[in-house]
Amino acid sequence: MDITVHTLCYNEEKLLPFFLDYYSRFASKITVWDNCSTDASASIANSFKKTKVEIQRFNTNNEFREDMNVHIKNNCWKGEKSDFVIICDVDEFVHAVDIADFLVRRSEFHVFRPVGYNMVSENFPEYGPRLITEQIKS
């Protein structure tokens, strides 16, 4: 099964390694839509080797533009040849025990509306062998 992930990114160097590691477990490609980050986000994405990572840059002149975010999210998937496409922000971790199996068993559906929960921790997790979803349980 071929799964592609698209995400919007602006100065996410702390969270991006967790995001890439999490989604690389089942995605064949991750596209990072980078809004001219001024931190190490682009170099983190460029150096990630566990799955194919593509960076698409856009520029809103250092201001939050909801219209641009909506435009990207509504159009980034067009032309994808993947079986499934996940579109989310860097701080969103779409979770199922075995997400690939979950999608296969529900292949008749075209759009999913996930239920969201906030992940809360007193300390920012350390990047390492354990996924962020294994480290933060609240």
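Per residue, the chain exposes 64 Å² of accessible surface when a 1.4 Å probe is rolled over the protein heavy atoms with every protein chain present. Of R106, R130, the residue with the largest accessible area leads and the full order is R130, R106 (1.4 Å probe). Full extension of the chain between D2 and E54 gives 17.2 nm of extra length, using 0.36 nm per residue less the Cα-Cα distance. Summary: within the chain, the longest segment free of GluC sites (Glu not before Pro) located in DSSP loops with at most 12 other C-beta atoms within 10 Å is 1-62. Which lysines, if any, have their Cα less than 30 Å from the Cα of K78, not counting same-chain residues under 8 positions apart? Within reach: K14, K29, K49, K50, K52. Between D83 and S47, the modelled labels are 3.3 nm apart [label points 7 Å from Cα along Cα→Cβ]. Each helix, a run of at least 4 DSSP H residues, gives -39500 (n - 2.57); summed and divided by the residues of the chain, these come to -7000 deg cm²/dmol at 222 nm. How many nm separate the modelled label positions at S28 and K14, each set 7 Å beyond the Cα in the direction of the Cβ? Roughly 3.6 nm, to one decimal.
A simple spin-label model places the labels of F112 and N74 2.4 nm from each other, with each point 7 Å out along Cα-to-Cβ.
Put a plus charge on the Cβ of each Lys and Arg, a minus charge on the Cβ of each Asp and Glu, and nothing anywhere else: the dipole of the stretch 61-138 about its Cα centre is then about 280 debye. Measuring only protein heavy atoms, the 1.4 Å probe finds H6 accessible over about 10 Å².
Which percent of the accessible heavy-atom area of the chain goes to carbon and sulfur, probe 1.4 angstrom? So the carbon and sulfur contribution to the accessible surface is 50 percent. State the percent of C-alpha pairs, over all pairs in the chain, separated by a distance greater than 18 angstrom. Value for the chain (Cα pairs over 18 Å): 57 percent.
Rounded to the nearest whole Hz, the Karplus-based 3J(HN,Hα) values (6.51 cos²θ - 1.76 cosθ + 1.60, θ = phi - 60°) of the stretch 113-126 follow the sequence 10, x, 8, x, 9, 7, 8, 10, 8, 5, 10, 5, x, 8, with x at glycine and proline. For the residues R65, R105, a 1.4 Å probe over the protein chains yields an accessible-area ranking, largest first, of R105, R65.
The values are calculated or read from the model by the stated rules, or taken from the named source; none is laboratory data. None of the values given here were measured: they were computed from a predicted structure. No Cβ is skipped: glycine too gets one built from the backbone with ideal geometry, and neighbour counts run over all protein chains shown. Keep in mind that these areas ignore ligands, DNA and RNA; they rest on the heavy atoms of the full protein, side chains included. Shrake-Rupley method; radii C 1.70, N 1.55, O 1.52, S 1.80 Å.
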